[in-house]
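S.K.: The structure's right below; bear with me while I get my questions together.
Quick note: the coordinates plus some simple rules give every number you see, no bench work behind them. These figures come from a predicted structure and were not determined experimentally. Neighbour counts are summed over all protein chains in view; Cβ atoms, including those assigned to glycine, are modelled from backbone coordinates with ideal geometry.
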Amino acid sequence: MGDGRAVEELVVGVLGGTGAQGRGLAVRLAAAGQRVLLGSRDAERASQVAAEVAVRAAAAAGGVEVSVQGGSNADVAGAADLVIVAVPFDGHGATLAELATPLAGKVVVDCVVPMGFDELGAYVLDVEEGSVCQQAAALLPDSSVVGAFHHLSAVTLEDVSKPTLEGDVMVVGDVREATDLVQALAGRLPGMRGVYAGRLRNARQVEALTINLVSVNRRYKVHAGIRVTDV
Ligand SMILES: NC(=O)c1ccc[n+]([C@@H]2O[C@H](COP(=O)([O-])OP(=O)(O)OC[C@H]3O[C@@H](n4cnc5c(N)ncnc54)[C@H](OP(=O)(O)O)[C@@H]3O)[C@@H](O)[C@H]2O)c1
């Protein structure tokens with residue numbers, strides 16, 4: 001962080017990049033010209049998925065050069081300039097605990113939602129540290145953790161037949177330089193803006209709001225996002 005490079009010059013890594021959310025962010029960012037590294041617990045799976053994402057991104061890119069490669073989560077954490085965490089909540093702590101060294105000095109963007117399901121639908125899980133983002137910050141003391149991309153549906157992200165997305169990305173974090181960078185990254189998604197939404201201690205509400213969106217989706221059979229007005 002802090003080397004003064006513009007966001008479009010950064011290599012973006014995605015931990016858990018073989019899943020729907022990681023693939024969706026990767027395809028949109030790659031189509032916008034961002035170099036992307038997809039991470040997995042299995043490097044071979046990451047390479048296969050990266051090749052598929054690259055093909056879809058190239059089709060959507062309209063001539064922009066596309067670069068998507070795969071690797072182990074550890075290799076991606078080490079090689080990327082900025083890293084998005086897109087693993088399930090139940091693998092979040094263990095994944096990051098192993099990667100503190102390669103992630104040191106980097107902006108780490110967490111989009112993980114602490115969500116459970118029961119007979120009444122989706123509900124928010126308690127996180128000891130207050131939020132998933134704060135758990136990441138506790139595990140990664142030498143990284144700058146930012147929360148973002150919680151309110152984007154993977155289905156919408158992956159559906160590149162719709163060239164423009166609709167909605168805003170709420171960005172939370174404690175370091176202005178890092179939140180500015182992630183707001184700029186969010187702005188690389190077609191039709192989207194990054195909107196600063198508070199410090200990391202307020203990540204809990206941003207994470208939990210995703211669960212309200214899941215309820216909206218189930219009731220109305222949609223893939224809802226959010227728009228912040230008057231900004
Ligand atoms: N899906 C959405 O619409 C959406 C929207 C907003 C936020 N999110 C958040 O984004 C994250 C990823 O969502 P997703 O739907 O893409 O999830 P997912 O498909 O269940 O998981 C993503 C990837 O994480 C890896 N993984 C699975 N279990 C793991 C574990 N115990 N430890 C480490 N890695 C593990 C898997 O990759 P490998 O097996 O290749 O390692 C998997 O492909 C979640 O935390 C979710 O809350 C999702």
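S.K.: Pick out which of Gly147, Gly39, Gly121 has the largest mean-square fluctuation in a Gaussian network model of the chain, springs linking Cα atoms closer than 10 Å.
M.R.: Of Gly147, Gly39, Gly121, the most mobile in the Gaussian network model is Gly121.
S.K.: Among Ala104, Leu165, Gln34, which residue has its Cα furthest toward the positive end of the charge dipole of segment 8-220, with +1 on Lys/Arg Cβ and -1 on Asp/Glu Cβ?
M.R.: Farthest towards the positive end: Leu165.
S.K.: Is any residue of segment 193-222 close enough, with backbone N under 11 Å, to a label point placed 7 angstrom from the Cα of Arg176 along the Cα-Cβ axis, and if so, which?
M.R.: Under cut-off, by backbone N: nothing.
S.K.: Out of all DSSP beta bridges in segment 8-220, what portion is antiparallel? Express it as a percent rounded to 5.
M.R.: Around 20 percent of the beta bridges assigned by DSSP in segment 8-220 are antiparallel ones.
S.K.: According to the square roots a ≥ b ≥ c of the eigenvalues of the Cα gyration tensor, what is the shape class of segment 65-151, taking rounded for a/c under 1.5, prolate for a/b larger than b/c otherwise, and oblate for the remainder?
M.R.: It is prolate, given that a/c is not under 1.5 and a/b is the larger ratio.
S.K.: Using the basic label-point model (7 angstrom from Cα toward the beta carbon), what is the Ser215 to Glu128 distance in nanometres?
M.R.: Each label point is offset 7 Å from its Cα along the Cβ direction, giving 2.9 nm.
S.K.: Once you place label points 7 Å from the Cα toward the Cβ at Arg5 and Asp42, how far apart are they in nm?
M.R.: Output for this residue pair reads 3.1 nm.
S.K.: What are the semi-axes of the equivalent ellipsoid of segment 8-220, taken as the square roots of 5 times the eigenvalues of the Cα gyration tensor, listed largest first and rounded to whole Å?
M.R.: Equivalent-ellipsoid dimensions as semi-axes: 23, 20, 17 Å.
S.K.: Could you check the spin-label model distance between Phe117 and Thr101? Points 7 Å from the Cα along Cα→Cβ, value in nm.
M.R.: Roughly 3.8 nm, to one decimal.
S.K.: Here's something else I'd like to know. Which shape class applies to segment 1-116: rounded if a/c is under 1.5, otherwise prolate when a/b exceeds b/c and oblate if not, where a ≥ b ≥ c are the square roots of the Cα gyration tensor eigenvalues?
M.R.: Judged from the Cα gyration tensor, segment 1-116 comes out oblate (a/c at least 1.5, b/c at or above a/b).
S.K.: A further question follows. For segment 187-231, count the residues as N, evaluate 2.2 N^0.38 Å, and divide the Cα radius of gyration by that value, please.
M.R.: In units of the globular-protein estimate, segment 187-231 measures up at 1.32.
S.K.: Sticking with this one: Can you give the charge dipole size of segment 64-148 about its Cα centre, rounded to the nearest 20 debye, using +1 on the beta carbon of Lys and Arg and -1 on the beta carbon of Asp and Glu?
M.R.: So the dipole magnitude of segment 64-148 works out to roughly 260 debye.
S.K.: Considering only Val64, Val14, Val214, give the residue with the highest GNM mean-square fluctuation for the chain, with springs between Cα atoms whenever their separation is below 10 Å.
M.R.: Val64
S.K.: Subtract the Cα-Cα distance of Ala59 and Thr164 from 0.36 nm times their separation in residues, and report this length gain in nm to one decimal.
M.R.: Stretched out fully, the Ala59 to Thr164 stretch lengthens by 36.4 nm.
S.K.: Toward the positive end of the charge dipole of the chain, about the Cα centre and with charges on Cβ (Lys, Arg +1; Asp, Glu -1), which of Ser153, Val85, Gly19 goes farthest?
M.R.: Ser153
S.K.: Charges at C-beta only: +1 for Lys and Arg, -1 for Asp and Glu. How large is the resulting dipole of segment 8-220 about its Cα centre, in Debye rounded to 20?
M.R.: In debye, rounded to 20, segment 8-220 gives about 500.
S.K.: Before anything else, pin down the relative contact order of segment 35-147: Cα pairs under 8 Å, at least 6 apart, normalised by residue count, whole percent.
M.R.: RCO, segment 35-147: 23 percent.
S.K.: Name the most mobile residue of Asp81, Asp142, Asp118, meaning the one with the largest mean-square fluctuation, in a Gaussian network model of the chain with Cα contacts below 10 Å.
M.R.: In the Gaussian network model the winner is Asp118.
S.K.: Between Rg and the Kirkwood Rh of segment 108-231, both from Cα atoms, what is the Rg to Rh ratio?
M.R.: Value, to two decimals: 0.97.
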